[in-house]
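What follows is one structure encoded as structure tokens, with my remarks underneath.
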Amino acid sequence: MNFNLALPDDILLSIEKPERYIGNEVNSVTKDKDSVDIRFAMCFPDVYEIGMSHLGIQILYGMFNSYKDVWCERVYSPWIDMDAVLRKENIPLFALESQDPVKDFDFLGFTLQYEMCYTNILQILDLSKIALLAKDRTWDDPIVIGGGPCTYNPEPITDFFDIFYIGEGETKYREIFDLYKKAREEGTSRTVFLHECAKLQGIYVPAFYDVKYKEDGTILSMLPIYDDIPKVIYKEMCLDLNETFYPTKPVVPYIKVTQDRVVLEIMRGCIRGCRFCQAGQLYKPLREKDVEHLKELAIEALKNTGYEEISLSSLSSSDYTRLPELIDFLIKSCNEKKVNISLPSLRIDAFSLDVMSKVQDVKKSSLTFAPEAGTQRMRDVINKGLTEEDILRGSHEAFLGGWNKVKLYFMLGLPTETDEDILGIGDIANKVAVEYFETVPKEKRNGRTIDIVASTSFFVPKPFTPFQWAPMNTKEEFLEKADKTRKGIMSQLNQKHIKYNWHEADASMMEGVMARGDRRLNEVILKAYKKGCIFDAWGEYFHFDVWMETFKECGVDPFFYTTRVRKEDEIFPWDIINPGVTKAFLLREWKTALSGQKSSNCRQQCLGCGAASYGVGVCFKERT
Amino acid sequence: MNRLRLKFSKHGPIKFLGHLDVMRYFQKAIRRAEIDIKYSEGFSPHQVISFAQPLSVGATSDGEYMDMTVNSMTSVSDVMDKLNAVMNEGIKITAIRELGEHDEKAMTAAYAAKYRICFRERLKPDFDWINEFEKYLRQDKLPAMKKTKSGEKEIDMKPMIFEYSLDAENECAELLLSMSSAATLKPALLFGAFFNSLGKELSTNALDVHRIDIYRYVEDGNNKYTEPFITDDINTRFMLNG
């Protein structure tokens, strides 16, 4: 335990939740800093409760600390109140375990999970007193490295990073650490070290790539400045998830965090191919973990943490082939231990309802469907397999089982969307209500009734999806569509049983700019940060007007990135990266979408997306 | 089935844990230690544990208490060893006593608490507070405004201070203060009123509070006294009848 905190008691007592900053949690790792060669500060650029809920950091934290010569610590964004104190008292940002300044570390790694965290990266660098721009850094600064889904288009933040690691973190860090040790022992320059890294698969050093633009503002070329580094960066991927490191001693926070339970990752990748979904493409091909291996991991992690809940994690847990066996095992062993099981992302059917009735309080829990669109036509365009019949049949069975709360998730602003699709949202919600009244006779309702929540988010086209060519709606279009949705729901017979929620349109627009942005956004982000923008992902701190003003000052048109119609052969900023799926496949899917056709999933038929080149996973399993 | 009373200490960074988080911490530790804890009935069963008195955030302690009920155990020392093996250094079980059937819960049996109070390094008063405090405590009445559910009321703190000693060299005060459902005197209220009596304001978080122990009330024949929940030392007793 580290009794020497970076902050004096009176400061810790004057801010909200001091437990965010004191480290020393159960299973956190403390080493002797003089006995290691590499000190790695791993950062999730958001508040502690969010960052501590992230599985990826727990994996890399555990793996790095299993190396004798590395000590990995954690850093999260100081909340607004702490941010102010650190600036006022001129206290440098510190890592949680040693409470030492982040600037003293060899590496500072960021996981980039959503676009709206970009100004928080600058906050961390700034509070750590690390040069904000990679070009200004020396060996006195850590190597700043980014990973996670946003690095599949890292172009808007290339100025702030020395390295982007593209793909799954388990595979290449050992080599990077060895290169680093060698460089420091031999006294080579930072640039030479980065050059060596850039030769590794999955490693993108943006400073070594030169971008040229056409007159219309699109990209002409992105070329390496050295001959011996790749022109395209291929993602890194674990070929065998049973052999790879998995944390069974995750750090257990003192305060309640968002994901306050053991998380058991059962597989990576997804067979479904929903056309709006980025994760579905990035993590292809689907790779399952062995069920016996998972049973061991579950028991071990519960024993080591003392958590009272375990959750399965994957993009679509119903697609895990040994799910019934795994859940049977968990129900048996968890019952003895009084551990709860939480099962997100399960398709609602007889099997899942049976399981849910065993592990949840039916009266309190709700059913979740994500039809994503209001009509079958629209669902075919986005390749979302769920039909109205599925929803109504699932609801019917659930109502018989005692459920009476239903959550429905939709998107507005999808390509080819018409008023009919928008009004279809109210239709489906109403049909679910009708299903309830028909299924549960009045005398069996016991004073309860149906309770439906319909939520819409605004569709943001993402790189490496078939919809990467799609123009995004404007804020005005979004709000008009939300209004139509609301009116559509209000006009339903059972409208008083349906509650409607919709997202902020401003935040969606910003996300759209960043998602498909290019290097010219670096300046905008830096300037917006200097004007005080941080925690943009938190509605109450997101200053849309400041961002708009900054775009203007930088001479950058945000609509270039959102509403513009992209040509089929346009070179995208993210074409420098190859996640396994080919651009030809995505284009094929885009055209299939526009023709209103569905595509099969990976278990039915191979679509030739390109991910088979990794030589593993569902691509090589028998098809049904 | 056994009812146990555990005494534990709280030091270092752990002092920043709020009461609810300490509870959550223990719930997980009990699972890690695989103690055969009793669970309540119902759809969401919870461990049968309860705490004597919440300690304010920022305070350390050598005398916190938690009651728990186990279905089975080999011995109290085994429970103690198993728990300490999975605890952070900052929280340590220092004693366990098995309770009788008729023993009250720690929460209801608490009668007083002993504190050692100093000032935090950066917030030390700019006057000889020990000297002033001694004069203050010698008064017959020590009025203070105490916040209640319905507003504020004036109370006299004097009968709630059982004993005190002042250490000028280390600039700290040891106080045995009333802490029961009938009357509780918190160090912050006492020091706030003391500062006010000098026309000064006690700054927030200035007090460095250490709880030495929590005391229970005992009637033994004609003797009435208060003593730590778990103790073998007769000298720790504070006689209440003269």
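The values are calculated or read from the model by the stated rules, or taken from the named source; none is laboratory data. All values derive from a computational prediction rather than experimental measurement. We place every Cβ from the backbone using ideal geometry, glycine too, and count neighbours over all the protein chains shown.
A few comments on the model shown:
- Residue list for segment A:323-345, filter: out of contact with any Ser or Thr (no Cβ under 8 Å at 6 or more places or on another chain), without any contact (Cβ under 8 Å) to a residue 60 or more places away in the chain and away from every other protein chain (no Cβ under 14 Å): A:Pro324, A:Glu325, A:Ile327, A:Asp328, A:Phe329, A:Leu330, A:Ile331, A:Lys332
- In the set (1) touching a residue at least 12 places away in the same chain (Cβ under 8 Å); (2) of a type outside the set (S, T, N, Q); (3) buried (at least 19 other Cβ atoms within 10 Å of the Cβ), A:Glu309 fails one condition alone, (3).
- Flag for B:Ile93 being outside the structural domain of B:Lys186 (by TED's automatic domain parsing), in contact (Cβ under 8 Å) with a residue 12 or more places away in the chain and over 30 Å from B:Gly192 (Cβ atoms): yes
- If you go through segment A:105-140 and keep only what is in contact (Cβ under 8 Å) with a residue 60 or more places away in the chain and either assigned to a strand (DSSP E or B) or among the hydroxyl-bearing types (Ser, Thr, Tyr) (or both), you end up with A:Phe107, A:Leu108, A:Gly109, A:Phe110, A:Thr111, A:Tyr114, A:Tyr118, A:Thr119.
- Segment B:131-242 holds strands (runs of 3 or more DSSP E) entirely within its bounds, and those carrying 2 or more residues that are of a type in the set (Lys, Arg) map to B:143-148, B:207-220.
- Those helices (runs of 4 or more DSSP H) of segment A:1-75 in which at least 3 residues are away from chain B (no Cβ under 14 Å) and modelled with pLDDT of 95 or more, considering only elements entirely within it, cover A:55-66.
- All positions within segment A:276-332 that are within 21 Å of the chain's Cα centre (by Cα) and closer than 30 Å to B:Met87 by Cβ: A:Ile310, A:Ser311, A:Leu312, A:Ser313
- Counting residues in segment A:578-599 that are β-branched (Val, Ile, Thr) and surrounded by fewer than 14 Cβ atoms within 10 Å (Cβ to Cβ) gives zero.
- Residue in segment B:39-55 that is of a type in the set (D, E, K, R), touching a residue at least 24 places away in the same chain (Cβ under 8 Å) and either within 14 Å of another protein chain (Cβ to nearest Cβ) or farther than 30 Å from A:Glu97 by Cα (or both) present: no
- Conditions (1) within 14 Å of chain B (Cβ to nearest Cβ); (2) not in a strand (DSSP E or B); number of the one not met by A:Asn242: (1)
- Scanning segment A:525-564 for residues that are of a type in the set (Lys, Arg) and not in a helix (DSSP H, G or I) yields A:Lys531, A:Arg564.
- Residue within segment B:32-54 that is at pLDDT 95 or above, part of a helix (DSSP H, G or I) and not assigned by TED's automatic domain parsing to the domain that holds B:Ser181 present: yes
- Condition check for B:Val79: assigned to a helix (DSSP H, G or I), within 14 Å of chain A (Cβ to nearest Cβ) and buried (at least 19 other Cβ atoms within 10 Å of the Cβ): no
- Of all residues making up segment B:82-106, the number that are outside any loop (DSSP other than H, G, I, E, B) and either within 14 Å of chain A (Cβ to nearest Cβ) or surrounded by 15 or more Cβ atoms within 10 Å (Cβ to Cβ) (or both): 11
- In segment B:192-208, the qualifying residues are those that are more than 13 Å from B:Tyr136 (Cβ to Cβ) and within 14 Å of chain A (Cβ to nearest Cβ), and the one that is surrounded by the fewest Cβ atoms within 10 Å (Cβ to Cβ) is B:Thr204.
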